[in-house]
Amino acid sequence: MTVPDAKVPAGDIGEKWTNHKFSMKLVNPNNKRKFEVIVVGTGLAGAAAAATMSELGYKVKVFTFHDSPRRAHSIAAQGGINGAKNYQNDGDSIYRLFYDTVKGGDYRSREANVHRLAEASVDIIDQATAQGVPFAREYGGLLDNRSFGGAQVSRTFYARGQTGQQLLLGAYQALARQIAVGNVELFTRSEMLDLVIKDGEAAGIVTRDLLTGEVQAHSGHAVVLATGGYGNVYYLSTNAMACNVTAAWRAHRKGAYFANPCYTQIHPTCIPASDEFQSKLTLMSESLRNDGRIWVPRDLDENRAASQIAEDERYYYLEEKYPAFGNLVPRDVASRNAKTVVDQGRGVGPLKNGVYLDLTEAIGRDGIETITEKYGNLFDMYERITGENPYERPMRIYPATHYTMGGLWVDYNLMTSIPGCYAIGEANFSDHGANRLGASALMQGLADGYFVLPYTIGDQLAAKLGTDPVSTSDPVFAESIAGIEDESKRWLSNKGTKSVDWYHRELGKLVWDYIGMERDSAGLEKAITEIPTLKSEFEKDVNVPGSGDNLNSSLEKVGRVADFFELAELMARDALAREESCGGHFRTEHQTEEGEAKRDDDNFRHVAAWEWTGPDSTQTRHKEELEFENVALTQRSYK
Amino acid sequence: MSGNPDAKTLDLTLKVWRQEGPDAPGSFQTIPAKDISEDMSFLEMLDIVNENLIADGEVPIEFDHDCREGICGTCNLMIDGRAHGPEKATTTCQLHMRKFETGAEVVIEPWRAKSFPIIKDLVVDRSPLDRIVEAGGYISINTGAAPDANLIPVPKDTSDAAMDAAACIGCGACVAACPNSAAQLFTAAKMQHLNLLPQGQPERWRRSEAMVETMEDFFGSCTNHGECYEACPKEISLDYIAYMNRDYAMSKFKNRKLAGRN
Ligand SMILES: Cc1cc2nc3c(=O)[nH]c(=O)nc-3n(C[C@H](O)[C@H](O)[C@H](O)COP(=O)(O)OP(=O)(O)OC[C@H]3O[C@@H](n4cnc5c(N)ncnc54)[C@H](O)[C@@H]3O)c2cc1C
Ligand code: FES
């Protein structure tokens, strides 16, 4: 098999989506209720899609492993959401947002998808406001904006430091309304463990009830995966503890291509780890870089407190290297430079594993009150975690895994390579190329969920009018259920010596060391041998206590970690095959003389879409060539 | 990587509520927690305790958590009799061990409330909170039908007050802290977030009536103790309860036949 057709519509970039909406097959309102759609995930993407499809009339079943839809990881997003409203009259437009996103993604995304995203961004802001999302406002009563992550216009809408929370509450409330009218059936604490295929098409899913252990079959005319990203393959990340790749990975094992797994984003401003048992890393909003100066001591043996170090003994490495953008260079550049100075031995803090983010100057300039109003929440959080007062001494930060651009391959309709199975939100690979811009993930999740999928799904469903979903008593379901039950039994009877978390931590270290901020072929080859070795040890030696018929978090985690092992190996293969640097993927062999990422557009201007070929064989790499008809390919420069 | 050499460590004795299932009897188990770094979070301390239990062939303690940054509202522990523990305006996951003294005994229990039945150990079922939202905690607007976002200006103070209410993370600490297991603070926060905004006016009275009555189906009644506010990690103001009571009383008139004529 080759990569299936991406189905990008013909025509001018500004008209593709409009034309496509017109030419798609429609399902008439009375017929929509004859279709049953399964949505897995209730984050921004899943909740928005489930609510909107239900409003349109489809019957929806929605699943989450959380105890409530509103706990999804989307809730943690702090900074904001982009929308090309041009309310600030600073020259923004849909085209500019499109252009910035393609460039920011280092020319590794599909132009047509990105343009559609920029178009939808405008409607998202209207929708969210109408739902009651309390975006920040100016005294005149209109919406406020800020600039974010390297953008030269102010197009980011925000709700204090809790934008993700407020947008998710909006989508969750829309979902709650549909649950109340009985058109959406909600399954909480219910984890999808398999995608079921019949005659080459998605027929439904198999889930495990996390409270009773019961394995259940659910069938539908289509399955939508809105299950988030895979950043926790690194063990330590800014993701919530339960984020995992299992739903996407199990679909991959059933034939859905996995695209660009090596594109992961390391966020520059997180609180450094304090010890071995650190369970997660906390993000300090990127907005701090607007007012903070980043530095390390010049002297390698520096032991004095920050305030004792004179100005000329400080190395403001971003300002020195990138005079034009300074502390506001894109995330990948800021992260890599922090790693360089820490590796040189210039790190700060008890473990010498951070760099300073210093707001002293801003406090002097704007006054403590202004700074507190802007960042008070963040300062409090920092103090709670580190026990240090950021008003008195500069914060310590270090990069951490934050977002995954790779994910399930989807066509323009957001359908995976399995007919009838869709992927939306962070779970798909589509819009961010090799690097995501700040405030664009919320936008993409909601664009997919509110404004794209509910329409594109009809194109495929229309042909199924008059057919029932595959019966859950069909042998394909029974076989899948038996497989899942066996898997649980196998883990529970393993009686090994080490916990699931122990193996997850060890895996995370390998992935961070070899497939982290910088990669090279020697390291990647090591990863490709060491990951499977650790995996077979894990399979023999992991200890899963408890039983399978009630709440058992070790049992939940063991399957997720098993999938992370397989994903990690694929990430290494993908990173090795991509003999170039682009966005979040930095191969040390491929850099400019100044140490910047060097793309190879002649040979790698494509999406790598991997096909599962069985547990014991190397997956097949397919290419989807990317055409750039509107944005000229240039080397990014932030000097 | 090993830990910060300068960090102090603590030795604690935990008394943890263990209960195998909803209908099983429960009891306290005494578990030592040794060499705990003061830099750890409370939940990281429990992670270590669990690792040790697993190594000893025992079943680890189940507790709910996810974001570990104080925003998802999943974590929920009664620590020494206080919802989310001793630190004000702090969720369990954001509580750090430097707030404890070495040698202390720490009692860890699940949320205690009739409407939050225990599932296992420290995990409870908080789904009645979702039922309250489903009763009317939304603005009925279909996707795609919204007017331009700047069409309706909203005074900054109004928007800020709505945001203060909307900051509720739905953890249920208010219910757990209340002697009557009332859910007034949660319901008021969810309701007033919408009732304060111009966008929320068309359904204001219907929402107020439905949410309050659904709340009363599940939870106890409020006798103005204010314990909910003390326990709330987001410091949601008691004023919202007053606004809710006013809106509920008004709704009883407004929802009559003549509604809309004034
Ligand atoms: C700390 C932090 C801050 C961020 N800040 C911003 C920001 O300011 N702006 C921005 O644009 N982006 C930000 N992001 C990124 C953004 O929040 C995420 O990319 C986005 O919210 C993902 O949404 P989603 O709907 O795709 O997935 P999620 O919100 O992760 O939801 C996944 C859902 O799937 C469910 N699920 C997963 N697997 C299964 C399964 N097997 N069975 C059943 N259910 C399952 C989960 O229960 C959950 O409901 C931030 C991310 C982090 C970590
Ligand atoms: S774990 Fe999310 S609020 Fe505590």
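General remarks:
- Of residues in segment B:117-140 being touching a Gly at 6+ places or on another chain (Cβ under 9 Å) and in a loop (DSSP other than H, G, I, E, B), the one nearest to B:Trp17 (Cα to Cα): B:Asp121
- Odd one out for A:Met53, checked against (1) facing chain B (nearest Cβ under 10 Å); (2) in a loop (DSSP other than H, G, I, E, B); (3) more than 14 Å from ligand 1 (Cβ to nearest atom): (2)
- Single residue of B:Ala176, B:Ala249, B:Ala182, B:Ala188 found to be closer than 21 Å to B:Val154 by Cβ and more than 14 Å from chain A (Cβ to nearest Cβ): B:Ala188
- Selection status of A:Ala176, within 14 Å of another protein chain (Cβ to nearest Cβ), part of a helix (DSSP H, G or I), under 28 Å from A:Gly559 (Cβ atoms) and within 26 Å of the chain's Cα centre (by Cα): no
- When residues of segment A:375-394 are limited to those that are buried (at least 20 other Cβ atoms within 10 Å of the Cβ) and away from chain B (no Cβ under 14 Å), the one farthest from B:Thr92 (Cα to Cα): A:Pro394
This table checks each residue for (1) modelled with pLDDT of 95 or more; (2) acidic (Asp, Glu); (3) closer than 27 Å to A:Ala248 by Cβ.
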site: A:Pro9; (1), (2), (3): yes, no, yes
site: A:Thr18; (1), (2), (3): yes, no, no
site: A:Asn30; (1), (2), (3): no, no, no
site: A:Thr42; (1), (2), (3): yes, no, yes
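- Residues considered: A:Ala248, A:Ala273, A:Ala217, A:Ala222. Of these, the only one that is among the small types (Gly, Ala, Ser) and either closer than 22 Å to A:Asn552 by Cβ or within 16 Å of ligand 2 (Cβ to nearest atom) (or both) is A:Ala217.
For every residue, the table says whether it meets (1) free of Cβ contacts under 8 Å to residues at least 24 places away in the same chain; (2) within 14 Å of another protein chain (Cβ to nearest Cβ); (3) touching a Cys at 6+ places or on another chain (Cβ under 8 Å).
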| residue | (1), (2), (3) |
| --- | --- |
| A:Gly438 | no, no, no |
| A:Tyr450 | no, yes, no |
| A:Leu465 | no, no, no |
| A:Pro469 | no, no, no |
| A:Lys489 | no, no, no |
| A:Asp501 | no, yes, no |
| A:Glu506 | no, yes, no |
| A:Lys509 | no, yes, no |
| A:Asp513 | yes, yes, no |
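- Scanning segment A:56-81 for residues that are part of a strand (DSSP E or B) and among the acidic types (Asp, Glu) yields a total of 0.
- All of A:Gly170, A:Gly182, A:Gly204, A:Gly200 fail the test of being under 20 Å from A:Ala47 (Cα atoms), touching a Pro at 6+ places or on another chain (Cβ under 9 Å) and away from ligand 1 (no atom under 11 Å from the Cβ), apart from A:Gly204.
- Residues of segment A:471-486 satisfying the condition of being touching a residue at least 24 places away in the same chain (Cβ under 8 Å), part of a loop (DSSP other than H, G, I, E, B) and hydroxyl-bearing (Ser, Thr, Tyr): A:Ser471, A:Thr472
- So B:Ala149, is it at the interface with chain A (Cβ under 9 Å from one of its Cβ atoms) and either hydrophobic (A, V, I, L, M, F, W, C) or under 15 Å from the mean Cα position of the chain (by Cα) (or both): yes
- Members of segment B:21-58 that are out of contact with any helix residue (DSSP H, G or I) (no Cβ under 9 Å at 6 or more places or on another chain) and facing chain A (nearest Cβ under 7 Å): B:Gly21, B:Ile48
- For segment B:96-138, a tally of residues being more than 9 Å from chain A (Cβ to nearest Cβ), within 16 Å of ligand 2 (Cβ to nearest atom), under 18 Å from B:Ile31 (Cβ atoms) and of a type in the set (A, V, I, L, M, F, W, C) returns 3.
- For segment B:61-87, a residue qualifies if it is within 24 Å of B:Ser127 (Cα to Cα), of a type outside the set (Asp, Glu) and either more than 6 Å from ligand 2 (Cβ to nearest atom) or in contact with a strand residue (DSSP E or B) (Cβ under 9 Å, 6 or more places away or on another chain) (or both), and the qualifying residues are B:Ile61, B:Phe63, B:Arg68, B:Asn76, B:Leu77, B:Met78, B:Ile79, B:Gly81, B:Arg82, B:Ala83, B:His84, B:Gly85.
- Count - residues of segment A:176-202 that are in contact with a Ser or Thr (Cβ under 7 Å, 6 or more places away or on another chain) and among the aliphatic types (A, V, I, L, M): 4
- The set of residues in segment A:154-212 that are within 16 Å of ligand 2 (Cβ to nearest atom) and small (Gly, Ala, Ser) comprises A:Gly161, A:Gly164.
- Across segment A:207-261, the qualifying residues are those that are among the β-branched types (Val, Ile, Thr), surrounded by fewer than 24 Cβ atoms within 10 Å (Cβ to Cβ) and more than 9 Å from ligand 1 (Cβ to nearest atom), and the one among them that is nearest to A:Tyr422 (Cα to Cα) is A:Val215.
- One residue stands out among those in segment A:139-150 that are assigned to a loop (DSSP other than H, G, I, E, B) and within 7 Å of chain B (Cβ to nearest Cβ): the one that is farthest from A:Asn86 (Cα to Cα), which is A:Tyr139.
- Scan of segment A:11-49 for residues that are within 16 Å of ligand 2 (Cβ to nearest atom) and either in a strand (DSSP E or B) or not polar (S, T, N, Q) (or both), ordered by number: A:Gly43
- All positions within segment A:159-173 that are more than 20 Å from A:Glu426 (Cα to Cα) and more than 7 Å from chain B (Cβ to nearest Cβ): A:Gly161
- Complete set of residues in segment A:210-231 that are hydroxyl-bearing (Ser, Thr, Tyr) and either at pLDDT below 95 or part of a strand (DSSP E or B) (or both): A:Ser219
- Single unsatisfied condition, A:Gly228 versus (1) away from ligand 2 (no atom under 16 Å from the Cβ); (2) touching a residue at least 60 places away in the same chain (Cβ under 8 Å); (3) within 14 Å of chain B (Cβ to nearest Cβ); (4) more than 19 Å from A:Val500 (Cβ to Cβ): (1)
- Count of segment A:563-608 residues, restricted to those that are more than 20 Å from the chain's Cα centre (by Cα), buried (at least 20 other Cβ atoms within 10 Å of the Cβ) and in a strand (DSSP E or B), is 2.
- Annotation: of all residues in segment A:345-374 being touching a strand residue (DSSP E or B) at 6+ places or on another chain (Cβ under 7 Å) and assigned to a helix (DSSP H, G or I), the one that is surrounded by the fewest Cβ atoms within 10 Å (Cβ to Cβ) is A:Glu361.
- Segment B:59-95 - residue that is at the interface with chain A (Cβ under 7 Å from one of its Cβ atoms) and over 13 Å from the mean Cα position of the chain (by Cα) and, of those, surrounded by the most Cβ atoms within 10 Å (Cβ to Cβ): B:Cys67
The values are calculated or read from the model by the stated rules, or taken from the named source; none is laboratory data. If you're wondering where the values come from, they're calculated on a predicted model, not measured in any experiment. Methodologically, a virtual Cβ is constructed for each residue, glycine included, from the backbone with ideal geometry; neighbour enumeration extends over all protein chains shown.
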